[in-house]
Amino acid sequence: MNRPLWLGVGLILASNAVALAGVWYNRSGEPQAQLQLSEREIQLPYDSWLRGEENSGLRLQLAWRQADADWSWLDEAKLRELGFAPNDLGRSAERPLWLVLELDGPSYRKQVERAKAALASAQAALALRPQDESLRQQRDQRRLELRHEQQQATRLLLVDAGRDAEALRQAWPDRQRQVILAGRLTPYRYGDMPNYSASVVLEGDRISVPRRYREAFAQWRLRAYDEKRPKVQVEVAFGQRHEPWLIGVGQ
């Protein structure tokens, strides 16, 4: 075997050793979080090819959403805490941060209560004008929205961000409901108040599925949620590097 070939083989072996060492370290000790997710909180990735991921094997992706549409926790004080200048926002202001996702917590329950209140308001309006077809349609739409919130929408919500993972863990200590992941946040300003929103990209939100669990996802398709999708309970641990791995799948 010639020298260039030996060097190539050596590089491959070294790369594999580094990768295995990273996996070992991530899974060593106590997980920084361990969540039991349902089919509502996981999906098949849409953009694996954009990230250059291999086609071999099966991977899942966390399905999450913003805690509220108006980003109530992202105000000027929070932006300064995160290291942003409120007058210099937009695409060039992207910053790596730690992000907190909460499973089935107060933020999710607030979403359910909002949907219930919207339905109650629509029902009251229809009761005053029972012949109004537009009010009837609004009532029916609010009923569908509440059903979606209670039975289909992901309960995994983005609730906070920070520059220090340990400080965030102290503020969000529930390791069965709150997970801290690396990511990138780009804030935007809109309106005269002003108001703020952001685009967020999570890192470490992809979960490799061992071969013994793949049958549970054989009927899944590329969509966020499908009522016909087989129900699952997925136990996911997040390790020392805040990266997830699958430790159990049930019905």
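FYI, it's all coordinate maths here, none of it is from the lab. Every value quoted in this text rests on a predicted model; they were computed, and no experiment measured them. Every residue, glycine among them, receives a Cβ derived from its backbone with ideal geometry; neighbour counts consider all protein chains shown.
Each residue of segment 94-106 was assigned a 3J(HN,Hα) from its phi angle through the Karplus expression (A = 6.51, B = -1.76, C = 1.60, θ = phi - 60°), giving 4, 9, x, 9, 9, 10, 9, 10, 10, 9, 6, x, x Hz with x at Gly and Pro. Averaging the Cα positions of each part gives two centres, and for segment 201-216 and segment 55-88 these lie 22 Å apart. Straight-distance candidates among the aspartates and glutamates for linking to Lys78, with alpha-carbon spacing under 14 Å and chain neighbours fewer than 8 residues away dropped: Asp160, Asp164. Projected label points at Arg229 and Ser197, each 7 Å from Cα along the beta carbon direction, are separated by 2.4 nanometres. Taking amide H as placed 1.01 Å from N in the peptide plane, Arg27 has its amide H under 5 Å from the amide H of Gln240, each at least 5 places away in sequence or on another chain. For Lys231, the aspartates and glutamates whose Cα falls under 13 Å of its own Cα, not counting residues fewer than eight places away in the same chain, are Glu39, Glu41, Glu215. In order along segment 70-82, the Karplus-derived 3J(HN,Hα) couplings, from 6.51 cos²θ - 1.76 cosθ + 1.60 at θ = phi - 60°, round to 9, 6, 4, 7, 9, 10, 4, 5, 5, 4, 5, 4, 7 Hz, and Gly and Pro are given as x.
Using 0.36 nm per residue and subtracting the Cα-Cα separation, the extra length available between Ala127 and Trp73 on full extension is 15.8 nm.
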